[in-house]
Each structure stands twice: as structure tokens, then as C-alpha cells.
Amino acid sequence: MLSDRDSLPDATRTALSGLSRATLVGGEVVLSAQVQAQVDEVADRVTRVAGGDRYATAVEVVKAYGDLDTSLLGLASGETFPDALAGAS
């Protein structure tokens, strides 16, 4: 789900409501402490996965969820916003 840096959109807040856990992907430069607090209000357990930059964050996501099936793993550049969005579907 997507979010603005400093404010959790209503649609995202609604989708997260009642979840047992949520993971924020990215550091506070990407998703501020305010967004984390807003997610804390609607999800039971919130964690954050982050690295020093977008590429290090990708490595940390793989480490955090290393037991995922990667037989259909895709790679995308992190140079422009929509790079991975188009390929993810």
C-alpha cells in the first residue's frame, strides 16, 4: 500500500485497520515518524524495514522475508518512481 511521507491516506488507513501486523518499508526520510504513529493507531504490531538508501532497503526486505519463494523474482531499477510499480503486477 502507498502512503505520503508525512500523512497516511484515508484509503490506506482503512485497508490497514484491524490487521494483526504491518511493515513500513523505508526509513523516516521515506515514511516519517508521523506516518508510523498513524499506522500504530490502526494495526496491532508495526515494524519498519529500512536501509541506508533504496537499494540497501531492498536488501533488508529480502533479509526480513528471506523465506519467500523467489522462483519468479523480478528486478527493477530504482531510478524513477514507477519503475517497479509497472513490473510488480
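Which one, 8, 80, 59, projects farthest toward the positive side of the charge dipole computed for the chain from Cβ point charges (K/R +1, D/E -1)? Value computed over the given set: 59.
Rounded to the nearest 20 debye, the dipole magnitude of the chain is 140 debye, with +1 charges on Lys and Arg beta carbons, -1 on Asp and Glu beta carbons, and the Cα centre as origin.
With respect to the chain, whose longest principal axis is taken over its alpha-carbon atoms, helix 54-64 is tilted by about 80°. Helices in the chain, meaning DSSP H runs of at least 4 residues, each add -39500 (n - 2.57). Divided by all residues, the mean residue ellipticity at 222 nm is -10500 deg cm²/dmol.
Each Lys or Arg adds one and each Asp or Glu subtracts one; over the other residues with Cβ under 14 Å from the Cβ of residue 3, this totals -3.
In this label model, residue 80 and residue 6 are separated by 2.8 nm, measuring between points 7 Å along each Cα→Cβ vector. Amide H contacts of residue 48 (H built 1.01 Å from N, in plane; Pro and chain starts excluded): 24 sit under 5 Å, all sequence-distant by 5 or more or on other chains.
All of the numbers you see were taken from the coordinates with simple rules; none came from a lab. If you're wondering where the values come from, they're calculated on a predicted model, not measured in any experiment. Every residue, glycine among them, receives a Cβ derived from its backbone with ideal geometry; neighbour counts consider all protein chains shown.
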